[in-house]
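FYI, it's all coordinate maths here, none of it is from the lab. Quick caveat, the model's predicted, so the values are computed rather than measured. Note: ideal-geometry Cβ built from the backbone for every residue, glycine included; neighbour counts use all protein chains shown.
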Amino acid sequence: MGSYCKITIVGNIGDVQAAISKANNPYLRMSVAVDKPGSETPTWFQCIITGRKVENTEKLLGVFKKGRLVLIEGVPQSEAYLNKEGKPAVKNTILVDNLPLLMDAKPKD
């Protein structure tokens, strides 16, 4: 067996967008904020949901709203870049393979 890496996060949704890839496949892009102990600044992850999990995007957009607590499992990808101020930064992306619903996790008002 080869190498494998998986990440699990629990955080609050910041934004959700439905989109179509260049190959004409639907996907959802969701930003999720995860609190860091001892810090007021969260770590943000861009979560990409594809395949059969997004067959009904309208239903998903009704469930995954800003502020909702979600559990995300998937394959992490990191990309270094220069931010607007020209300083090094990292873009954290998760290719989602499991998205269980947290039943008591309603959006913050």
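General observations
- Across all Cα atoms of the range 7-98, the radius of gyration (one decimal) and Dmax (whole number) stand at 13.9, 43 Å.
- Set of lysines near LYS6 by C-alpha distance (under 25 Å), chain-local residues within fewer than 8 positions excluded: LYS36, LYS53, LYS65, LYS66, LYS91
- Spin-label model distance (nm) - LYS87 vs THR43, 7 Å beyond Cα toward Cβ: 1.8
- Shape of the range 1-51, Cα gyration tensor, a/c cut at 1.5: oblate
- Between ALA18 and ARG52, the simple spin-label model (points 7 angstrom out along Cα→Cβ) gives 2.0 nm.
- Among the chymotrypsin sites (Phe, Trp or Tyr not before Pro) found in the range 1-100, those both in a DSSP coil and sparsely packed, with 15 or fewer other Cβ atoms within 10 Å of their Cβ, are TYR4.
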